[in-house]
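The values are calculated or read from the model by the stated rules, or taken from the named source; none is laboratory data. Predicted, not measured: the structure shown is a model, and the values here were computed from it. Ideal geometry is used to build each Cβ from the backbone, glycine not excepted, and the neighbour counts take in all protein chains shown. These accessible areas exclude ligands, DNA and RNA; they are computed on the full protein's heavy atoms, side chains included. Shrake-Rupley method; radii C 1.70, N 1.55, O 1.52, S 1.80 Å.
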Amino acid sequence: MYTEKVMEHFSNPRNMGEIENASGVGTVGNAKCGDIMRIYLDIDENGIIQDVKFKTFGCGAAVATSSMATELVKGKTVQEAVQITNKAVAEALGGLPPVKMHCSLLAEEAIHAALWDYAEKNGLKIEGLRKPKSDVHEEEEEIEY
Ligand code: FES
């Protein structure tokens, strides 16, 4: 059901934990399954993501996608990080079963929420970033499988 990469990230998640005094923190949940994900970003003065950590209270696919999402955004600019979609995270994991695609949406939205928090704190506008929802459940129907 799961690719080896998903299993590997689930068993050995990267960047798990939290960042004190993070530049941006984003928390999103899915009311339907009850899972919650929180992302912490440490962003330098040039807008580069120097560090990222996550905490996920959720299913295995949510843990694996959080882990992969943190790997994808690390070292990127905030502008590049906005472009990372849940599909890209799932693809980087070698795919997810269709019923688990919604879990990857948590990762995308948690990153967006953390970026939104960072932008608000610094009075910035990040192009292409819209105000994230705290509950991704309503968006599930929009996912393309
Ligand atoms: Fe809720 Fe996976 S079942 S995030």
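The table for this structure:
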{"quantity": "Cα centroid of segment 26-44 to Cα centroid of segment 101-136, whole Å", "calculated": "9 Å"}
{"quantity": "Net charge contributed by nearby residues that have their C-beta within less than 15 Å of residue 44 (K/R +1, D/E -1)", "calculated": "-1"}
{"quantity": "Under 18 Å from the residue 77 label point (7 Å along Cα→beta-carbon), backbone N, segment 25-68", "calculated": "42-51"}
{"quantity": "Potential lengthening between residue 21 and residue 1 on full extension [0.36 nm per residue; Cα-Cα distance subtracted]", "calculated": "3.3 nm"}
{"quantity": "Contact order normalised by residue count of the chain, Cα under 8 Å, 6+ apart, percent", "calculated": "29 percent"}
{"quantity": "Computed [θ] at 222 nm, deg cm²/dmol, the chain (DSSP H ≥ 4; -39,500 (n - 2.57); rounded to nearest 500)", "calculated": "-12000 deg cm²/dmol"}
{"quantity": "Accessible surface, per residue, of segment 1-103 when the full set of protein chains is kept, probe 1.4 Å, Å²", "calculated": "48 Å²"}
{"quantity": "Three-way shape label, segment 30-113, alpha-carbon gyration tensor, a/c 1.5", "calculated": "prolate"}
{"quantity": "Whole-Hz couplings from phi, Karplus 6.51/-1.76/1.60, listed for segment 26-42; x for Gly and Pro", "calculated": "x, 10, 9, x, 10, 4, 5, 9, x, 7, 9, 10, 10, 10, 10, 10, 10"}
{"quantity": "The chain - charge dipole about Cα centre, Lys and Arg +1 at Cβ, Asp and Glu -1, debye rounded to 20", "calculated": "160 debye"}
{"quantity": "Check: segment 1-58 dipole with +1 on Lys, Arg Cβ and -1 on Asp, Glu Cβ, in debye", "calculated": "340 debye"}
{"quantity": "Surface share of carbon and sulfur [accessible, 1.4 angstrom probe, percent] for the chain", "calculated": "50 percent"}
{"quantity": "Label-point separation, residue 85 to residue 127 (7 Å along Cα→Cβ), nm", "calculated": "1.9 nm"}
{"quantity": "Angle between the chain longest axis and helix 101-122 axis [Cα atoms, degrees, rounded to 10]", "calculated": "10 degrees"}
{"quantity": "Given charges at beta-carbon only (K, R positive; D, E negative), |dipole| of segment 27-73 in Debye", "calculated": "360 debye"}
{"quantity": "Gyration tensor (alpha-carbon) shape descriptor, the chain, a/c threshold 1.5", "calculated": "prolate"}
